[in-house]
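Worksheet for the structure shown next.
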Amino acid sequence: MWKEFYCNISKQQKLKNNRSCLVFIIGSFLFLENFEQTSFIRPKWCNIIKVRYLLTKSSDDLLISCLRRHKGAIIMKVTLFATCLVDMFQGDVGKAVVEVLERLGCDLDFPENQICCGQPAYNSGYVKESKNAMRKMITAFEHAEYVVSPSGSCAYMFKEYPEVFKGDPVWEPKAQALANKTYEFTEFIVDVLKVEDVGAHLECKATFHTSCHMTRLLGVSDAPLKLLNQVKGLQYIELPGKDRCCGFGGTFSVKMGNISGAMVNEKVQNVEETEADILIGADAGCLINIGGRINRQGIPIKVMHIAEVLNS
């Protein structure tokens, strides 16, 4: 097993010297020893992440990561709020979030009892009906030190909880505690971890779509661009009409399909004007909406979540 494992790694990278070999073997052993006890992501992702992590990280980085967990010297404990769209449709985004934060020294866990945050029902006016889902989410993340989400829209929904439960002596304090410790992915990296260069490298011309909820409600606008500006090889091109909605808006795209379609057509046209290779975004809903239209029109532009870019 170890011989086959080591040969596969050798194909991916050149180990500089005997010390690197020793570091790699010890680090790998510690990592495997502790991995099964670390429930930081859904089981369906575990094997993929394990293999990908071991095949791509340098030996020294791997050892450092393993020793942090092994010795209990974790920089920060982070609980992942994956969101419905990432969990069901964009699993690679969830894996990218985990791998980036792990490299930055965070120890992640994933509450299996997390469900929808209640935003679709809440935004449709079903406030009373959405409260049950909200209570379950508050309970699911009650243990967390930091809650990080790859969606500004869903992260902002947690910020709405205190208002929803205002006056409730039991749930308002719990809702406020959750809101206070919740961050969007790029916001957490820049404002909490104080990191702008995560060591990413991607040769491309790229533009960035700013999501409405993330920018206007959550107030996160600078963090994504600070991170993208440090990605080696990435040529950033500003998106015309970047302040305009892509037309998704959750249930809006269903209720107002014709208007939503016109809005996303305009957004795709703006993306084409940049002549970018890649459209980057930080919200799965927007990316699914814009990416779907790009795909249907046969436009050769790749769509990527910023977590995937930072993991490149």
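Every read-out reported here was derived from the displayed coordinates using simple, explicitly stated rules and does not represent laboratory data. Computed from a prediction, not measured in an experiment: that's the story for all the values here. A quick note on method: Cβ atoms are made from the backbone with ideal geometry, for glycine too, and the neighbour counts reach across all protein chains shown.
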Distance check, please: which entries in Lys159/Lys205; Lys205/Lys267; Lys166/Lys267; Lys95/Lys181; Lys194/Lys232; Lys159/Lys194 exceed 29 angstrom between their Cα atoms?
-> Lys159/Lys205; Lys166/Lys267
Neighbourhood charge, 12 Å Cβ-Cβ cut-off, centred on Gln235 and excluding it, Lys, Arg +1 and Asp, Glu -1 | -2
Charge sum, other residues only, whose C-beta stays under 14 Å from Ser153's C-beta, Lys/Arg counted +1 and Asp/Glu -1 = -2
With label points set 7 Å from each Cα along the Cα-to-Cβ direction at Lys136 and Asn180, the distance between them in nm comes to 2.7 nm
Could you calculate, for region 199-310, the ratio of the Cα radius of gyration to the Kirkwood radius, expressed as Rg to Rh?
-> 0.95
Whichever aspartates and glutamates have a C-alpha closer than 20 Å to that of Lys242, once near sequence neighbours (fewer than 8 apart) are set aside | Glu184, Glu187, Asp222, Glu266, Glu272, Glu273, Glu275, Asp277, Asp283
Which of Met304, Met88, Met76 has the fewest Cβ neighbours within 10 Å, and the rest in rising order = Met88, Met76, Met304
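How high is the relative contact order of region 199-310? Use alpha-carbon pairs under 8 Å, at least six apart in sequence, and give a whole percent.
Worked out over region 199-310, it gives 33 percent.
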Here, Ile237 and Met76, labelled 7 Å along Cα→Cβ, have an inter-label distance in nm of 3.4 nm
